[in-house]
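Quick notes on the structure that follows.
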Amino acid sequence: MGKRTTTWKSSNDPDFITKMHRILALYDTPPDDWRVVCVDEFGPLNLMPRKGKAWGPVRSPRRLRATYNRYNGVMHVLAALDLATGEIYYRIRRRKRWREFLGLLKALRARWPGEKLYVVLDNFSPHKHPNVRAWAAAHDIELVFLPTYGSWLNWIESEFAAIAAYVRRRNARTGPKTRFAPDSPIREWTEYPTAA
């Protein structure tokens, strides 16, 4: 029987300790006049078949042909976790370039117009784009970058893991959807048939 292992990639960032302490300080004692927001991207979102082996009937197994092409594209979630309230704000976009990330920052700025923002985020290149940095600096947003290979320090990562766990748990216990709100008054108001 095989043994399950977990891998760990240590950071080679020479400023790892300094950056980690700064982020932990923001988490533990957020400044009174600032709001701390953790930001990250989740995706691409798509139904991805996984290669592998499984037991099946010897004769004529029913198989669905796997497709590894995404002709209609994929979607990405750009999300922000507000540590003051625990609420998550998100945008779903086809791309996750600097333009989409800047759009998320603008939405966060509009949500809290009078507050300064600390935005904790990883070193994904769109986050460091000159236009993003310039706009953030001009609008009281400080970008607080994680140390290299330190994404586990971003509080929103655990929220993404919880979302994935919920979807797996739900899908393991689901069944067919057959009748939506069968006893709803809307069916009578609109003379929609209530019988199957």
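Between the amide H of D40 and those of A79, distances stay under 5 Å, these residues lying 5 or more places away or on another chain, with hydrogens modeled in the peptide plane. Counting only protein heavy atoms and using a 1.4 Å probe, what share of the accessible area of segment 113-179 belongs to carbon plus sulfur, as a whole percent? Whole-percent figure for carbon plus sulfur exposure: 55. If R0 equals 35 Å, the separation of the Cβ atoms of T29 and N123 corresponds to a calculated FRET efficiency of about 0.90.
Counting 0.36 nm for each residue step from R99 to A161 and taking away their Cα separation leaves a gain of 19.7 nm. Couplings 3J(HN,Hα) for segment 140-148, derived from phi with the Karplus relation 6.51 cos²θ - 1.76 cosθ + 1.60 (θ = phi - 60°), are 6, 10, 9, 8, 10, 7, 5, x, 4 Hz, where x marks Gly and Pro. Sorted largest first by accessible area at a 1.4 angstrom probe radius, with every protein chain in place, the residues E188, E159, E87 fall in the order E188, E87, E159. Restricting the trypsin sites (Lys or Arg not before Pro) of segment 104-173 to loop positions (DSSP other than H, G, I, E, B) with no more than 12 neighbouring Cβ atoms within 10 Å leaves R173.
The values are calculated or read from the model by the stated rules, or taken from the named source; none is laboratory data. Keep in mind that this is a model prediction, so the values were computed, not measured. Positions of Cβ are backbone-derived with ideal geometry, glycine not excepted, and every protein chain shown enters the neighbour counts. Ligands, DNA and RNA are stripped out before the accessible areas are found, and what is left, the full protein with its side chains, is counted by its heavy atoms. Shrake-Rupley method; radii C 1.70, N 1.55, O 1.52, S 1.80 Å.
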